[in-house]
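Inspection log for the structure reproduced underneath, given as structure tokens.
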Amino acid sequence: MVKRSGSFLVGLMAGFILVQPATAAWTYDSGAGTISDGNWTLRVNRLSDGNYSLGLSRSAGQRAYISGTGDLDLRGLETDTGLTLSEFTEYALWQCTVLTSILMPDTVLALHNNVLDGCTALTNAVLSANLQKIGSGAFNGCRALASVTPLLPDTLTSLGDRAFVNCRLEGALTLRNPEIQSIEMNTFYQCSGIPSAELPYVTAIGRNAFQNCTSLTNVVLNAQVHTIESNGFGGCGALATFSPTNLEALTDLGDRVFSTCRSLGGDFSMPLVTEVKENAFYNCSYITSVEMPNVVSLGPSVFKNCGNLKRVVLGNQLQSIGKECFSSTSISSITPFLPSSLTEIGQSAFYNCSSITCDLELLNPALTNFPGQCFYRVKSPKITLPRYASVFGKDSFTQMTPGVEIYFLGEAPVSYATQSFSTTDSKNPCVIYACRPMDRDWWDAVTTELTESDLASDAYPGPATFGLMVDGSARNWLVYWKSPFASGPFVIRIL
């Protein structure tokens, strides 16, 4: 056996490396209008300025792809052929599912609409350092795309809607070009790997722009941001910091903007917002305060399940509070609390807001309907109902603080459900005051006076019985039995 020295093996290795085939050079067939590197064969088109585009048009027979598979490296094209590639036409590599990576020369200025749409095997893209345009749907549906370098070049002046829908994108998002002031709808929809977005010139966020970006933890926008449309950041469960929270220029706040941003905290101020649509801050567990001094309308579930929300400033223009708007929050301070401008309160609007301990003065004569559970478990010691309050839903004022005093400024209610009023302690009942004599005929129609034997019995007097006993005066009725109007014993007094 011949013993080979270490130097011999090193030399053999070097020789092996030298004989490996180099990356194939690009060639240009002017007659066919194609370029080829031995693997990829692609159509190109001479432009009026002498440069070339990859692909001719969006039609199926004129797109760039003819054949090839795997990694596509176009960076040597100009050196090899003299062709300067300046743009990719619409749909140039649309649904090219055999493409795994693409490396573009720095001569490319524009990627037009849907250029790589549906390239489901694409994992890596190196963009031109001089890129100016990324068109609508350019990387739409490239679900394996994790690395884009640079993700958004500083030269970029145009970023289309749906550009990166369903891409993973594992890098931090930074856009420092002042010419781009808006992120269009669905641009980064479900880009699950983006950890942060620094957008210092952006003043408008389109619909679903960052929806379900589940790794997004930090967002920086321009202080003059004026529009955040529906689901702008909805479903970003890791989003913890958002800057600025003093949204002094914001006028348009869409529905579900921060819905289920469970990590989002801070104090938000929106002085110009007049309408907050449904689920805008739903499940934002760590928000502590919100100021909206000019708000007119609060939609359904706007702050539902904001467990740490303690302080809200609303102003004197508020007209409506939607269903479950403040349900299950920790609100203890609302300024003003239910202003005189209020005309509508939705079902369960303040459901389980047990930290509310101030008096409720509902003095707006236009406020007549109190739907089910609208103040369920609110712990106000005193409630004043407006003159025309007439409709009370099931549990509208149920599970309130023992001994709560409820004042009717008007006539007897015309419609009520079971257990409209009750406290948490049957031995310390609510006291209902009528500030003017109610129609005795109305009471007679819905009540049954209890005898002494009734009071001595544990038996329920009958279904839907409003049991009471007059203690010597029509102006002081002691109610002892469950009724359609209230549960447990309570007292009615006519002042």
### Query
Per 10 Å bin from zero, what fraction in whole % of the C-alpha pairs of the stretch 219-288 is there, up to the bin with the longest pair?
23, 61, 16
## Note on the structure
Rounded to the nearest 10 Å², the 1.4 Å probe accessible area of Asp395 is 20
## Note on the structure
With all protein chains in place and a 1.4 Å probe, Glu198 shows an accessible area in Å² (nearest 10) of 80
### Per-pair calculated FRET efficiency, R0 = 35 Å: Thr120 and Gln181 via Cβ, rounded to 0.05
0.65
### Task
Please work out how much accessible surface Val98 shows to a 1.4 Å probe, ignoring ligands, DNA and RNA, in Å² rounded to 10.
50
#### Entry: Rough spin-label spacing in nm, given labels placed 7 Å along Cα→Cβ, for Asn39 and Glu170
2.1
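Arrange the residues His226, His112 by how much accessible surface each exposes, largest first, with a 1.4 angstrom probe.
Working: His226 75, His112 40 Å².
Sorted by accessible area, descending: His226, His112.
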### Task
Can you grab the distance from the C-alpha centre of the stretch 208-238 to the C-alpha centre of the stretch 65-131, Å, no decimals?
30
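At a Förster distance of 22 Å, what's the computed FRET efficiency of Ser158 paired with Ser196, Cβ-Cβ distance as r, to 0.05?
Working: r = 23 Å, r/R0 = 1.03.
Taking R0 as 22 Å, the efficiency between Ser158 and Ser196 is 0.45.
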### Query
How much space per residue, in cubic angstrom, does the convex hull of the C-alpha atoms of the stretch 257-384 take up?
78
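Do the alpha carbons of any pairs in Lys277/Lys382; Lys323/Lys379; Lys304/Lys379; Lys310/Lys394 sit beyond 25 Å of each other, and which pairs? Spell out each step's value before the answer.
Numbers: Lys277/Lys382 31 Å; Lys323/Lys379 19 Å; Lys304/Lys379 18 Å; Lys310/Lys394 27 Å.
Cα-Cα > 25 Å for Lys277/Lys382; Lys310/Lys394; rest within.
Once fully extended, how much extra length lies between Thr79 and Ser333, figured as 0.36 nm per residue of separation less the alpha-carbon to alpha-carbon distance? All intermediate terms of the calculation are to be shown ahead of the outcome.
Values: separation 254, 0.36 × 254 = 91.44 nm, distance 6.97 nm.
Here the answer is 84.5 nm.
Out of every Cα-Cα pair in the stretch 14-114, what percent are more than 16 Å apart? Could the numbers behind the result be given before it?
Working: 2820 of 5050 pairs.
For the stretch 14-114, the share of Cα pairs beyond 16 Å comes to 56 percent.
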## Note on the structure
Per the rule of 0.36 nm per residue minus the C-alpha distance, extending Gln319 to Val391 adds in nm 24.1 nm
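By its C-alpha gyration tensor, with a ≥ b ≥ c as the square roots of the eigenvalues, how is the stretch 114-168 shaped: rounded for a/c under 1.5, else prolate for a/b larger than b/c, else oblate? Display every interim value, and only then the final one.
Numbers: a/c = 2.24, a/b = 1.37, b/c = 1.63.
Because a/c hits 1.5 or more and a/b fails to exceed b/c, the stretch 114-168 counts as oblate.
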### Message
Ordering Arg46, Arg387, Arg63 by accessible area with a probe of 1.4 Å, largest first, what comes out?
### Response
Arg46, Arg387, Arg63
### Equivalent-ellipsoid semi-axes of the stretch 265-332, from the Cα gyration tensor, Å, largest first
17, 13, 10
### Task
Could you calculate the FRET efficiency of Ser355 with His226 from 1/(1 + (r/R0)^6), where r is the beta carbon distance between them and R0 is 35 Å, rounded to 0.05?
0.55
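The values are calculated or read from the model by the stated rules, or taken from the named source; none is laboratory data. Since the model is a prediction, treat every value here as computed from it, not as a measurement. As a convention, Cβ positions derive from the backbone with ideal geometry for all residues, glycine included, and neighbour counts pool all protein chains shown. Only protein heavy atoms, including side chains, enter the accessible area calculation; ligands, DNA and RNA are left aside. Shrake-Rupley method; radii C 1.70, N 1.55, O 1.52, S 1.80 Å.
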